[in-house]
Amino acid sequence: MRTAADFNLYYAAPDPWHISHSRFRDKVFRRCLMPFIRDKSVLELGCGEGHLTQAIFSKARSVVGIDISDVAIARAKSLNLPNARFESADFLQASFEGYDVIAAIDCVYYLSLQERGALLEKVAEEHSGKILLLSGPIVDYRRHFSHKRLMHEFTTLGFAPLKFYNLSVYWHPPSSRIIAHLIKLPLAHTLLDWIPESMIYQRLYALRAPKHH
Ligand SMILES: C[S@@+](CC[C@H](N)C(=O)[O-])C[C@H]1O[C@@H](n2cnc3c(N)ncnc32)[C@H](O)[C@@H]1O
(Lines give C-alpha, C1' and ligand atoms only; values in the text may rest on other atoms or scores of the structure.)
Protein backbone atom coordinates (compact mmCIF):
# COMPACT_ATOMS: atom_id res chain seq x y z
CA MET A 1 0.00 0.00 0.00
CA ARG A 2 1.16 3.52 -0.64
CA THR A 3 1.75 5.56 2.47
CA ALA A 4 0.52 8.96 3.64
CA ALA A 5 3.92 10.38 2.63
CA ASP A 6 3.52 8.95 -0.92
CA PHE A 7 0.10 10.55 -1.32
CA ASN A 8 1.20 13.81 0.28
CA LEU A 9 3.82 13.97 -2.46
CA TYR A 10 1.09 13.63 -5.11
CA TYR A 11 -0.76 16.44 -3.34
CA ALA A 12 2.28 18.76 -3.25
CA ALA A 13 0.35 20.77 -5.84
CA PRO A 14 -3.46 20.86 -5.68
CA ASP A 15 -5.62 18.61 -7.84
CA PRO A 16 -2.92 16.12 -8.94
CA TRP A 17 -5.36 14.01 -11.02
CA HIS A 18 -7.00 17.06 -12.68
CA ILE A 19 -10.42 16.01 -11.51
CA SER A 20 -11.74 19.26 -10.15
CA HIS A 21 -12.49 20.68 -13.61
CA SER A 22 -13.62 17.49 -15.29
CA ARG A 23 -17.28 18.26 -15.87
CA PHE A 24 -17.69 15.11 -17.93
CA ARG A 25 -16.47 12.95 -15.05
CA ASP A 26 -18.79 14.73 -12.64
CA LYS A 27 -21.74 14.33 -15.01
CA VAL A 28 -21.17 10.59 -15.45
CA PHE A 29 -20.67 10.00 -11.72
CA ARG A 30 -23.70 12.11 -10.84
CA ARG A 31 -25.91 10.01 -13.09
CA CYS A 32 -24.93 6.64 -11.65
CA LEU A 33 -24.26 7.56 -8.02
CA MET A 34 -27.30 9.72 -7.34
CA PRO A 35 -29.89 6.93 -7.06
CA PHE A 36 -27.76 5.26 -4.39
CA ILE A 37 -26.69 8.23 -2.30
CA ARG A 38 -29.53 10.74 -2.28
CA ASP A 39 -30.57 11.43 1.35
CA LYS A 40 -28.32 8.61 2.62
CA SER A 41 -25.48 8.65 5.13
CA VAL A 42 -22.30 7.99 3.18
CA LEU A 43 -18.76 6.97 4.08
CA GLU A 44 -16.51 8.21 1.27
CA LEU A 45 -13.21 6.33 1.19
CA GLY A 46 -10.21 8.05 -0.41
CA CYS A 47 -12.10 11.34 -0.71
CA GLY A 48 -8.95 13.32 -1.54
CA GLU A 49 -9.53 17.08 -1.55
CA GLY A 50 -13.29 16.61 -1.34
CA HIS A 51 -14.12 17.33 -4.95
CA LEU A 52 -16.75 14.58 -5.31
CA THR A 53 -17.92 15.25 -1.76
CA GLN A 54 -18.87 18.70 -2.94
CA ALA A 55 -19.93 17.97 -6.52
CA ILE A 56 -21.87 14.74 -5.98
CA PHE A 57 -22.27 13.83 -2.32
CA SER A 58 -23.82 17.20 -1.48
CA LYS A 59 -27.11 15.37 -2.14
CA ALA A 60 -26.36 12.82 0.60
CA ARG A 61 -27.85 13.38 4.04
CA SER A 62 -24.39 13.27 5.57
CA VAL A 63 -20.88 12.31 4.46
CA VAL A 64 -17.76 11.27 6.30
CA GLY A 65 -14.75 11.57 3.99
CA ILE A 66 -11.56 9.68 4.83
CA ASP A 67 -8.21 10.07 3.14
CA ILE A 68 -4.72 8.95 4.04
CA SER A 69 -3.27 12.30 2.93
CA ASP A 70 -3.56 14.97 5.62
CA VAL A 71 -2.64 17.55 2.97
CA ALA A 72 -5.69 16.58 0.90
CA ILE A 73 -7.90 16.45 4.00
CA ALA A 74 -6.87 19.98 5.03
CA ARG A 75 -8.06 21.20 1.60
CA ALA A 76 -11.29 19.20 1.89
CA LYS A 77 -11.98 20.73 5.32
CA SER A 78 -11.45 24.23 3.96
CA LEU A 79 -14.44 23.71 1.62
CA ASN A 80 -16.66 23.98 4.72
CA LEU A 81 -19.28 21.65 3.30
CA PRO A 82 -22.41 21.72 5.47
CA ASN A 83 -23.19 17.98 5.25
CA ALA A 84 -19.61 16.64 5.44
CA ARG A 85 -16.93 15.84 8.00
CA PHE A 86 -13.39 14.82 7.02
CA GLU A 87 -10.78 12.66 8.71
CA SER A 88 -7.23 11.84 7.79
CA ALA A 89 -6.72 8.08 8.20
CA ASP A 90 -5.90 4.89 6.36
CA PHE A 91 -9.35 3.63 5.42
CA LEU A 92 -8.31 0.05 6.22
CA GLN A 93 -8.07 1.20 9.85
CA ALA A 94 -11.31 3.20 9.98
CA SER A 95 -14.68 1.99 11.25
CA PHE A 96 -17.20 1.15 8.52
CA GLU A 97 -20.09 0.77 10.97
CA GLY A 98 -23.23 2.85 10.85
CA TYR A 99 -23.48 4.15 7.27
CA ASP A 100 -26.14 3.48 4.63
CA VAL A 101 -23.60 3.51 1.79
CA ILE A 102 -19.83 3.14 1.43
CA ALA A 103 -18.28 4.76 -1.65
CA ALA A 104 -14.76 3.84 -2.78
CA ILE A 105 -14.32 5.96 -5.88
CA ASP A 106 -11.05 5.54 -7.79
CA CYS A 107 -9.00 4.64 -4.73
CA VAL A 108 -9.04 0.84 -4.33
CA TYR A 109 -6.60 0.10 -7.15
CA TYR A 110 -3.78 1.48 -5.03
CA LEU A 111 -4.13 -1.50 -2.72
CA SER A 112 -2.41 -4.84 -3.16
CA LEU A 113 -4.64 -7.82 -3.90
CA GLN A 114 -4.35 -8.87 -0.28
CA GLU A 115 -5.29 -5.43 0.99
CA ARG A 116 -8.23 -5.30 -1.39
CA GLY A 117 -9.41 -8.64 -0.03
CA ALA A 118 -9.06 -7.25 3.50
CA LEU A 119 -11.08 -4.18 2.52
CA LEU A 120 -13.90 -6.26 1.04
CA GLU A 121 -13.95 -8.54 4.07
CA LYS A 122 -14.13 -5.50 6.33
CA VAL A 123 -17.07 -4.15 4.30
CA ALA A 124 -18.78 -7.56 4.54
CA GLU A 125 -18.23 -7.62 8.31
CA GLU A 126 -19.01 -4.00 9.26
CA HIS A 127 -21.44 -2.98 6.52
CA SER A 128 -23.39 -6.20 6.19
CA GLY A 129 -26.27 -6.26 3.69
CA LYS A 130 -25.70 -2.64 2.64
CA ILE A 131 -24.49 -0.86 -0.49
CA LEU A 132 -20.87 -0.55 -1.63
CA LEU A 133 -20.01 1.64 -4.62
CA LEU A 134 -16.56 0.94 -6.01
CA SER A 135 -14.85 2.28 -9.13
CA GLY A 136 -11.54 2.19 -10.92
CA PRO A 137 -9.77 1.74 -14.24
CA ILE A 138 -10.34 -1.83 -15.40
CA VAL A 139 -7.83 -1.74 -18.27
CA ASP A 140 -4.46 -0.54 -17.05
CA TYR A 141 -4.55 -3.04 -14.26
CA ARG A 142 -5.56 -5.98 -16.39
CA ARG A 143 -4.10 -8.55 -14.07
CA HIS A 144 -5.08 -6.99 -10.76
CA PHE A 145 -8.03 -4.80 -11.56
CA SER A 146 -9.86 -6.43 -14.43
CA HIS A 147 -13.61 -6.88 -14.66
CA LYS A 148 -13.28 -10.67 -14.49
CA ARG A 149 -11.00 -10.61 -11.51
CA LEU A 150 -13.18 -8.13 -9.60
CA MET A 151 -16.41 -10.02 -10.31
CA HIS A 152 -14.74 -13.22 -9.17
CA GLU A 153 -13.64 -11.59 -5.90
CA PHE A 154 -17.03 -9.98 -5.30
CA THR A 155 -18.99 -13.17 -5.78
CA THR A 156 -16.52 -15.37 -3.89
CA LEU A 157 -16.90 -13.09 -0.87
CA GLY A 158 -20.70 -13.11 -1.19
CA PHE A 159 -21.19 -9.59 -2.62
CA ALA A 160 -24.15 -9.31 -4.96
CA PRO A 161 -23.32 -7.13 -7.99
CA LEU A 162 -26.46 -5.00 -8.46
CA LYS A 163 -25.35 -3.06 -11.49
CA PHE A 164 -22.21 -1.77 -13.16
CA TYR A 165 -21.73 1.42 -15.12
CA ASN A 166 -19.07 2.37 -17.64
CA LEU A 167 -17.49 5.69 -16.77
CA SER A 168 -15.05 6.43 -19.57
CA VAL A 169 -13.59 5.19 -22.85
CA TYR A 170 -9.97 4.09 -23.06
CA TRP A 171 -7.82 6.07 -25.51
CA HIS A 172 -5.91 2.97 -26.53
CA PRO A 173 -5.90 1.74 -29.29
CA PRO A 174 -5.73 5.17 -30.97
CA SER A 175 -8.87 4.38 -33.01
CA SER A 176 -10.97 4.51 -29.85
CA ARG A 177 -9.78 8.07 -29.18
CA ILE A 178 -12.47 9.31 -31.54
CA ILE A 179 -15.13 7.55 -29.47
CA ALA A 180 -13.52 8.85 -26.27
CA HIS A 181 -14.06 12.37 -27.65
CA LEU A 182 -17.52 11.78 -29.14
CA ILE A 183 -18.82 10.41 -25.87
CA LYS A 184 -18.20 13.82 -24.31
CA LEU A 185 -20.77 15.50 -26.56
CA PRO A 186 -23.97 16.56 -24.80
CA LEU A 187 -26.09 13.52 -23.84
CA ALA A 188 -23.66 11.09 -25.54
CA HIS A 189 -22.53 9.82 -22.13
CA THR A 190 -25.86 8.00 -21.91
CA LEU A 191 -24.42 5.63 -24.55
CA LEU A 192 -21.46 4.59 -22.39
CA ASP A 193 -23.07 1.33 -21.36
CA TRP A 194 -23.35 0.25 -25.02
CA ILE A 195 -19.66 0.62 -25.79
CA PRO A 196 -17.77 -2.67 -26.29
CA GLU A 197 -16.13 -4.02 -23.18
CA SER A 198 -12.59 -3.83 -24.61
CA MET A 199 -12.88 -0.04 -25.02
CA ILE A 200 -13.87 0.73 -21.46
CA TYR A 201 -11.36 2.42 -19.18
CA GLN A 202 -13.22 2.97 -15.91
CA ARG A 203 -16.16 1.20 -14.41
CA LEU A 204 -18.29 1.69 -11.31
CA TYR A 205 -19.75 -1.30 -9.47
CA ALA A 206 -22.81 -1.08 -7.23
CA LEU A 207 -22.76 -4.04 -4.88
CA ARG A 208 -24.74 -5.34 -1.94
CA ALA A 209 -22.51 -6.62 0.85
CA PRO A 210 -23.31 -10.13 2.07
CA LYS A 211 -25.77 -10.45 4.95
CA HIS A 212 -24.64 -11.99 8.22
CA HIS A 213 -26.24 -15.34 8.83
C1 LIG B 1 -7.16 9.13 -7.47
S2 LIG B 1 -7.56 9.83 -5.90
C3 LIG B 1 -9.34 9.84 -5.96
C4 LIG B 1 -9.98 10.93 -5.14
C5 LIG B 1 -11.52 10.93 -5.15
N6 LIG B 1 -12.06 9.67 -4.62
C7 LIG B 1 -12.06 11.12 -6.55
O8 LIG B 1 -12.38 10.13 -7.21
O9 LIG B 1 -12.15 12.27 -6.99
C10 LIG B 1 -7.25 8.46 -4.77
C11 LIG B 1 -7.29 8.88 -3.31
O12 LIG B 1 -7.28 7.72 -2.48
C13 LIG B 1 -6.53 8.01 -1.31
N14 LIG B 1 -6.11 6.73 -0.71
C15 LIG B 1 -5.41 5.73 -1.29
N16 LIG B 1 -5.20 4.72 -0.42
C17 LIG B 1 -5.80 5.09 0.75
C18 LIG B 1 -5.95 4.47 2.02
N19 LIG B 1 -5.43 3.27 2.29
N20 LIG B 1 -6.65 5.13 3.00
C21 LIG B 1 -7.20 6.36 2.74
N22 LIG B 1 -7.08 6.99 1.55
C23 LIG B 1 -6.39 6.37 0.56
C24 LIG B 1 -5.38 8.87 -1.84
O25 LIG B 1 -4.76 9.65 -0.85
C26 LIG B 1 -6.10 9.72 -2.88
O27 LIG B 1 -6.57 10.91 -2.31
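If Met151 meets every condition in (1) in contact with a helix residue (DSSP H, G or I) (Cβ under 9 Å, 6 or more places away or on another chain); (2) within 26 Å of His172 (Cβ to Cβ); (3) more than 9 Å from the ligand (Cβ to nearest atom); (4) of a type outside the set (D, E, K, R) apart from one, which number is that one?
Condition not satisfied by Met151: (1).
Please verify whether the stretch 128-142 includes one or more residues that are surrounded by 15 or more Cβ atoms within 10 Å (Cβ to Cβ) and of a type in the set (Phe, Trp, Tyr).
Checked the stretch 128-142: no residue is surrounded by 15 or more Cβ atoms within 10 Å (Cβ to Cβ) and of a type in the set (Phe, Trp, Tyr).
Got a number for residues in the stretch 44-97 being touching a Cys at 6+ places or on another chain (Cβ under 9 Å) and within 17 Å of Ser135 (Cβ to Cβ)?
So the answer is 11.
If you take the residues of the stretch 55-68 that are within 10 Å of the ligand (Cβ to nearest atom) and open to solvent by 20 Å² or more (accessible area, probe 1.4 Å), which of them is farthest from His21 (Cα to Cα)?
Among residues in the stretch 55-68 that are within 10 Å of the ligand (Cβ to nearest atom) and open to solvent by 20 Å² or more (accessible area, probe 1.4 Å), the one farthest from His21 (Cα to Cα) is Ile68.
If Ala72 satisfies every condition in (1) within 8 Å of the ligand (Cβ to nearest atom); (2) not in a helix (DSSP H, G or I) but one, which is the exception?
Unmet condition: (2).
Against the condition surrounded by fewer than 20 Cβ atoms within 10 Å (Cβ to Cβ), in contact with a Ser or Thr (Cβ under 7 Å, 6 or more places away or on another chain) and of a type in the set (Ser, Thr, Tyr), how does Tyr165 come out, does it pass?
Values: surrounded by fewer than 20 Cβ atoms within 10 Å (Cβ to Cβ): yes; in contact with a Ser or Thr (Cβ under 7 Å, 6 or more places away or on another chain): no; of a type in the set (Ser, Thr, Tyr): yes.
Judged against the criteria, Tyr165 is not a match.
Would you confirm whether any residue within the stretch 30-48 is on the phi < 0 side of the Ramachandran plot, at pLDDT 95 or above, within 8 Å of the ligand (Cβ to nearest atom) and assigned to a helix (DSSP H, G or I)?
No, the stretch 30-48 contains no residue that is on the phi < 0 side of the Ramachandran plot, at pLDDT 95 or above, within 8 Å of the ligand (Cβ to nearest atom) and assigned to a helix (DSSP H, G or I).
Looking only at the stretch 9-35, count every residue that is open to solvent by less than 40 Å² (accessible area, probe 1.4 Å) and closer than 22 Å to Leu119 by Cβ and tell me the total.
The number of residues fulfilling the criteria is 4.
Please go through the stretch 75-92 and pick out each residue that is within 8 Å of the ligand (Cβ to nearest atom) and either surrounded by fewer than 22 Cβ atoms within 10 Å (Cβ to Cβ) or aliphatic (A, V, I, L, M) (or both). Reasoning before the result, please.
Taking the stretch 75-92 first, the residues within 8 Å of the ligand (Cβ to nearest atom) are 89-92.
Of everything in the stretch 75-92, those that are within 8 Å of the ligand (Cβ to nearest atom) and either surrounded by fewer than 22 Cβ atoms within 10 Å (Cβ to Cβ) or aliphatic (A, V, I, L, M) (or both) turn out to be Ala89, Asp90, Leu92.
The values are calculated or read from the model by the stated rules, or taken from the named source; none is laboratory data. Fair warning: this is a prediction, and the values are worked out from it, not measured in the lab. Cβ: placed from backbone, ideal geometry, glycine included. Neighbour counts: every protein chain shown. Heavy atoms of the whole protein, side chains included, go into the accessibility calculation; ligands, DNA and RNA do not. Shrake-Rupley method; radii C 1.70, N 1.55, O 1.52, S 1.80 Å.
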